[in-house]
Amino acid sequence: MALKTPDYRVLFVCLGNICRSPTAEGVFRTLLADSALRERVGIDSAGTGAYHEGSPPDKRSQAAALKRGYDLSLQRARQVRDEDFEQFDYILAMDNSNLHDLQRRCPPALHRKLGLFLRYAPELGMTTVPDPYNGGKAGFEQVLDLIEAASKGLIQHLEAQASEA
Ligand code: 4NP
């Protein structure tokens, strides 16, 4: 049986694809499971850099996520590819550096697909997900807090889009 093509395709992007964007992929996938849209959204994550290509998520990200019920263990890091700009509808960066890197690579006609993930959680009063890599445990908890809020906002946005379609 052929797989159904998803109606919405979302790519989460950070620098290494081992901390923030795999967390976003895992949290968003888990929270989406409670939505009527669960079979209509394609989800992936990638890094602007290639340093960690093929690696599982950072152990600190995995541990913090698992405590909240999100299993990141099967994910593997990959770098953003040129085809991603065609294939995904929402390409959501964790911080401004990631966004600028994407803007440099993305064909101008597709720039409308690019944005900051936290635009879906304006109530946070923050626009970017800070890189936790060189910090302590609190940074990984903050990443999860921000990503949970933005994931809920993105699900609401997609549900509103679907109801208009
Ligand atoms: P991420 O975190 O972009 O959230 O995956 C980082 C992981 C690794 C590095 C930087 C950020 N690094 O420089 O190796």
Legend entry - the range 93-118 - residue that is touching a helix residue (DSSP H, G or I) at 6+ places or on another chain (Cβ under 9 Å) and free of Cβ contacts under 8 Å to residues at least 24 places away in the same chain and, of those, farthest from the ligand (Cβ to nearest atom): P107
Legend entry - Flag for T48 being more than 13 Å from the ligand (Cβ to nearest atom), touching an Asp or Glu at 6+ places or on another chain (Cβ under 9 Å) and modelled with pLDDT of 95 or more: no
Legend entry - Condition broken by P57, with the remaining ones in (1) part of a loop (DSSP other than H, G, I, E, B); (2) within 12 Å of the ligand (Cβ to nearest atom); (3) farther than 25 Å from E141 by Cα satisfied: (3)
Legend entry - Candidate set from the range 13-35 (those that are in contact (Cβ under 8 Å) with a residue 24 or more places away in the chain and more than 10 Å from the ligand (Cβ to nearest atom)); member that is nearest to N98 (Cα to Cα): E25
Legend entry - Whichever residue in the range 125-143 is under 13 Å from M94 (Cβ atoms) and either open to solvent by less than 20 Å² (accessible area, probe 1.4 Å) or in a helix (DSSP H, G or I) (or both) and, among such residues, is farthest from the ligand (Cβ to nearest atom): Q142
Inset, instruction - From (1) surrounded by 13 or more Cβ atoms within 10 Å (Cβ to Cβ); (2) at pLDDT 95 or above; (3) within 19 Å of S35 (Cβ to Cβ), pick out the condition that doesn't hold for Q156. - result: (1)
Inset, instruction - Kindly indicate the residue of the range 64-89 that is within 15 Å of the ligand (Cβ to nearest atom) and outside any loop (DSSP other than H, G, I, E, B) and also farthest from G115 (Cα to Cα) among those meeting that condition. - result: A64
Legend entry - Filter result for T5 (more than 19 Å from G139 (Cα to Cα), of a type outside the set (D, E), open to solvent by 10 Å² or more (accessible area, probe 1.4 Å) and within 13 Å of the ligand (Cβ to nearest atom)): no
Inset, instruction - State all residues of the range 113-124 that are basic (K, R) and open to solvent by 40 Å² or more (accessible area, probe 1.4 Å); if no residue qualifies, say none. - result: R119
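The values are calculated or read from the model by the stated rules, or taken from the named source; none is laboratory data. Quick caveat, the model's predicted, so the values are computed rather than measured. Note: ideal-geometry Cβ built from the backbone for every residue, glycine included; neighbour counts use all protein chains shown. The area values use the complete protein model at the heavy-atom level, side chains included, leaving out ligands, DNA and RNA. Shrake-Rupley method; radii C 1.70, N 1.55, O 1.52, S 1.80 Å.
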